[in-house]
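Okay, so here's the structure we're looking at.
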Amino acid sequence: MNEQNPAALIQDASPTVVRSNVRAKPSGFFKDMFTIAGRALRGIPREPESFIPALFIPAFFFIVNIGALQDLTESIPGAEGFSYRNFQLPTAIIFAVTGISRAPGLVTDIQQGYFDRLLLSPAKRLPLLLGLMVADFALVIFLCIPVIALGMILGVSFGTGVLGLIMFVLMGALWGLAFTGFPYAIALKTANPGAVASSFILFFPFAFLTSSTVPLENLTGWMRTIARFNPITYVLEGMRSLLSDGWDWATLGKGFLAIAILGSVSQFLALSALRGRVARG
């Protein structure tokens, strides 16, 4: 009787492991970005609390400011032809689009581990953030429409016509997109919903230390000086120029330059926070 090696018997009884050479492959930069954007957009209707205040608050202040200040501002000597309704509509748009982002949803994804699973996938890293911003851009355009419709009902008119209206929406949407870098930076750095919610506080100095309620030349000296360094001042002036007759390209250029400067700062912070999150992951 032949004796067999026990080690050989154990080796023969062990299961055979078949390894596959198939590996997940990256699907492409833009496909990743639009996949993330589509998921973010589908989540917006399930969270109406994230955008309804952005419609109610600007509409409320738009109507209240017109009721309180229209007669006063239009009766100032030298204000012939001045329309306070036209003057206030850009302010309402800025209030509607600033601070709107999917950063709270990003915090939820981080806390639930979904974002970490994305980092383990072949998906490129930059589209994970840019896809959310694409969804934000679509959302702020949507928010502009009812605010503009309200303004037109109350008598606002675009002296630059349909092209001016499109440029008006584009400028407002780009400003909203430029500001989103701040909440995303906070979300990626802290993964704290309270910290992200408090990021809106950053907007208050921009919103009120500027010509949001009265023309720049009617501000007191110290506030007028501060307003000249506030990027929203130039965005508001650019948007207001589209409501007057003719195209003021110099004023529009200053508005887009202000958006580009703020956007460069905020997006740099967001991308730096993304790199830090990826490195920690």
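Which value, in debye to the nearest 20, describes the size of the charge dipole of segment 68-204 about its Cα centre when Lys and Arg Cβ atoms bear +1, Asp and Glu Cβ atoms bear -1, and nothing else is charged?
In debye, rounded to 20, segment 68-204 gives about 580.
Calculate, in nm to one decimal, what R46 and F229 gain on full extension: separation in residues at 0.36 nm each, minus their alpha carbon distance.
Result: 62.0 nm gained on full extension.
Of (i) 394; (ii) 162; (iii) 131, which one was derived for volume of the Cα convex hull per residue in Å³ from the structure shown?
Working out volume of the Cα convex hull per residue in Å³ from the coordinates points to (ii).
Any lysines with Cα under 23 Å of the K31 Cα? List them, leaving off those in the same chain fewer than 8 positions away.
Straight-distance partners of K31: K124.
Under a cut-off of 16 Å between alpha-carbon atoms, report the aspartates and glutamates in cross-link reach of K189, not counting same-chain residues fewer than 8 places apart.
Partners found: D109, D116.
With unit charges on the beta carbon (Lys/Arg positive, Asp/Glu negative), name the residue among A173, N230, V196 whose Cα is farthest towards the positive pole of the charge dipole of segment 132-254.
The residue sitting most towards the positive pole is V196.
Report the extension gain between D116 and K31 in nm, rounded to one decimal, defined as 0.36 nm multiplied by the number of residues separating them, less their alpha carbon distance.
Full extension of this stretch gives 28.7 nm more.
Return the FRET efficiency for the residue pair I166, A250: r is the Cβ-Cβ distance, R0 is 25 Å, and the value is rounded to the nearest 0.05. Mind showing how you got there, number by number?
Values: r = 20 Å, r/R0 = 0.79.
According to the calculation, E is roughly 0.80.
Quick one: dipole size for the chain, taken about the Cα centre, charges +1 on Lys/Arg Cβ and -1 on Asp/Glu Cβ, in debye to the nearest 20.
Working: 20 positive and 15 negative charges, 194 e Å.
Result for the chain is approximately 940 debye, rounded to the nearest 20.
Provide S198, S83 in ascending order of the number of other Cβ atoms located within 10 Å of each residue's Cβ, fewest first.
Values: S198 12, S83 18.
So the ranking, lowest neighbour count to highest, is S198, S83.
Each value in this text was obtained by applying a stated rule to the coordinates, not by laboratory testing. Model, not experiment: these values are computed from the prediction. All Cβ positions, glycine included, derive from the backbone under ideal geometry; neighbour counts span all protein chains shown.
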